[in-house]
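The values are calculated or read from the model by the stated rules, or taken from the named source; none is laboratory data. All of these numbers come straight from a predicted model, not from anything done at the bench. Cβ coordinates were reconstructed from backbone atoms using ideal geometry, including for glycine residues, and neighbour counts include every protein chain displayed.
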Amino acid sequence: MSKRHDAVFDDVIKGLGTDAPTPDRAGARFLKRSTSMAEQAAGQRQEKVLRLVDPATCVMWARHNRAYDLLTADNCRDLIDGILSQGQQEFPAVVRRLRPAHEGQGPEFEVICGARRHFAISWLRANNYPKFRYLVEERELTDEEAFRLADIENRDREDISDLERARDYAGAVDSYYGGKQKLMAERLQVSEGWLSRYLALARLDPRIVAAFASIRDVKELHARKLKPLLADGSGRDAILAEADKLAEEQRAGPVSAAQVMTRLQAAAKPRKVRAAADKVISGVQLRRSGARVTLEFDRRLPDADLRRAVEKFLAERAGMKDFPVGKMRYK
């Protein structure tokens, strides 16, 4: 029985004894309750069913948009410390009932929103704080309503990765919206272009995803930059080959996302083949490009050889067939 019901029954029971409340006080209580009931009937008040449950009785919804296995005490530290500081979980998770409490075995609730809260309470109970319980709000939701609710709660959160969100959208567009991106964008109240970019990320080749140290490193911007490079057959093959190399290197030690992108983009761009020298004079390469002439030589080239090459170049430029090599004077 709820505290509100207890208060009503207390009023009735007290009225049967010698210490009955004064008419004004009793009337005020019942008037307040009548007002609340009237507000609820008029749609001005919404009652919520909150429960404190053992987190072990809950499982993540199969379509939950957060990768639960990536949650750790470190990346949930802010939440764990907050619960410890407050002495309780402040905001309820949203769940759906799987079965009546008195029937059968197995999970009683599935979590629609609140994976991090579930992890934090579970971690605390397993680490010397067994009295903490999981605060949940039980709701009746269709799968499509559950999807939109989870998306609204997590859309602006930085602790959920672009790839997790993208994969969630890719599954939802077929499951709930018949593959119609426009309809889904309208229901989520986002632009079609924005949604399209995340769906493109969800289609990113798994070999490229494996090139990153973690799925949390894979950004929507990365897929956008690689998309035109992957459209070319040879470029795609080169990118995938480099991605395989990076995946192997990631096992030895983390390669940053910036380095991964630099190498993937470079792999898709064919290396420039250096044009052959127009002429070689005593080990010095002469290259012409328009009105410019470039002389290239090994820095270890002896001074005498370099001098001979320059003199020959100057003589040829002047139209001299016989030139006095070694007789030119330098200041």
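A few comments on the model shown:
- Among the residues of region 59-90, those that are of a type in the set (S, T, Y) and either in contact with a Pro (Cβ under 8 Å, 6 or more places away or on another chain) or free of Cβ contacts under 8 Å to residues at least 12 places away in the same chain (or both) comprise T72, S85.
- Residue satisfying all of: in region 41-67; farther than 20 Å from R165 by Cβ, assigned to a loop (DSSP other than H, G, I, E, B) and touching a helix residue (DSSP H, G or I) at 6+ places or on another chain (Cβ under 9 Å); modelled with the highest pLDDT among these: D54
- For region 72-96, the tally of residues that are surrounded by 12 or more Cβ atoms within 10 Å (Cβ to Cβ) and of a type in the set (G, A, S) stands at 3.
To keep it simple, each residue is scored yes or no on (1) at pLDDT 95 or above; (2) aromatic (F, W, Y).
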{"residue": "D174", "(1), (2)": "no, no"}
{"residue": "A185", "(1), (2)": "yes, no"}
{"residue": "R207", "(1), (2)": "yes, no"}
{"residue": "F212", "(1), (2)": "yes, yes"}
{"residue": "I239", "(1), (2)": "yes, no"}
{"residue": "P254", "(1), (2)": "no, no"}
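- Residue in region 118-139 that is hydroxyl-bearing (S, T, Y), farther than 17 Å from L52 by Cβ and in contact with an Asp or Glu (Cβ under 9 Å, 6 or more places away or on another chain) present: no
- Only listed residue being within 21 Å of D156 (Cβ to Cβ), of a type in the set (A, V, I, L, M), crowded, with 16+ Cβ neighbours inside 10 Å and not assigned by TED's automatic domain parsing to the domain that holds L71, chosen from L246, L188: L188
- Restricting attention to region 97-113, the residues that are touching a helix residue (DSSP H, G or I) at 6+ places or on another chain (Cβ under 7 Å) and surrounded by fewer than 19 Cβ atoms within 10 Å (Cβ to Cβ) total 1.
- Residue identified as crowded, with 20+ Cβ neighbours inside 10 Å, aliphatic (A, V, I, L, M), modelled with pLDDT of 90 or more and not assigned by TED's automatic domain parsing to the domain that holds W61 among A166, A170: A166
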